[in-house]
């Protein structure tokens, strides 16, 4: 009988061990599992934010590199916008080619595509058409951004050519 009771005692101890083990596991999971799920959610959000932040930093660096490369490649063009071309500069540059040159502002300066634009009308007298070509080359070689507006008016008058054309000069506002 003692052996039978010892066998029941072993079964009872095993039953209580399994019961208490699963009870502890269920209590542990009921207390820890919500915190664990919250941690997983927060960790996932943190990883997403970290990934997005890294992507934004990468795009920012790429944009900065692109801007630096653009500025290096277009240094002469960007510095040309800083040059201030005035009526006197145009007249002094062209006076060596023409017999009589006159540069007149055509209206007030205005904003065009984010840049300040000023129209000038250039007129004068030249001996032949080659001098007009030299004048246009001089206009193109000005330090700033100059846009020649066509048409160029040319008339023959007493053995000389009288011409007029319009220039659009761009600068930073």
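Every number here is computed from the coordinates shown, using simple stated rules; none is lab data. Computed from a predicted model, the values in this text were never measured in an experiment. All Cβ positions, glycine included, derive from the backbone under ideal geometry; neighbour counts span all protein chains shown.
Let me have the 222 nm mean residue ellipticity of the chain computed from DSSP H runs of 4+ only, each contributing -39500 (n - 2.57), with the sum over all residues rounded to the nearest 500.
-20500 deg cm²/dmol
Among (1) 180; (2) 116; (3) 142, find the value of volume of the Cα convex hull per residue in Å³ that was calculated from the structure presented, and write down its label.
Correct label is (1).
Compute the relative contact order of the chain as a whole-number percentage, counting only Cα pairs closer than 8 Å that sit 6 or more residues apart in sequence.
19 percent
If we sort 53-60, 91-98 on the protection proxy, mean other Cβ atoms within 10 Å, highest first, what's the order?
91-98, 53-60
For the Cα atoms of the chain, what angle does the longest principal axis make with the long axis of helix 2-73, in degrees from 0 to 90, nearest 10?
Roughly 10 degrees, rounded to the nearest 10.
Sorted by mean Cβ packing within 10 Å, highest first, what order do the peptides 11-24, 128-141, 160-173 take?
160-173, 128-141, 11-24
Taking the Cα-to-Cβ direction at residue 13 and at residue 65 and moving 7 Å from each Cα, how far apart do the two end points lie in nm?
The two pseudo-label positions are separated by 7.0 nm.
Sort 145, 27 so that the residue with the fewest other Cβ atoms within 10 Å of its own Cβ comes first and the one with the most comes last.
With the fewest neighbours first, 145, 27 line up as 27, 145.
Quick one: helix 129-140 against the long Cα principal axis of the chain, what's the angle to the nearest 10°, folded into 0 to 90?
With rounding to tens, the tilt is 30 degrees.
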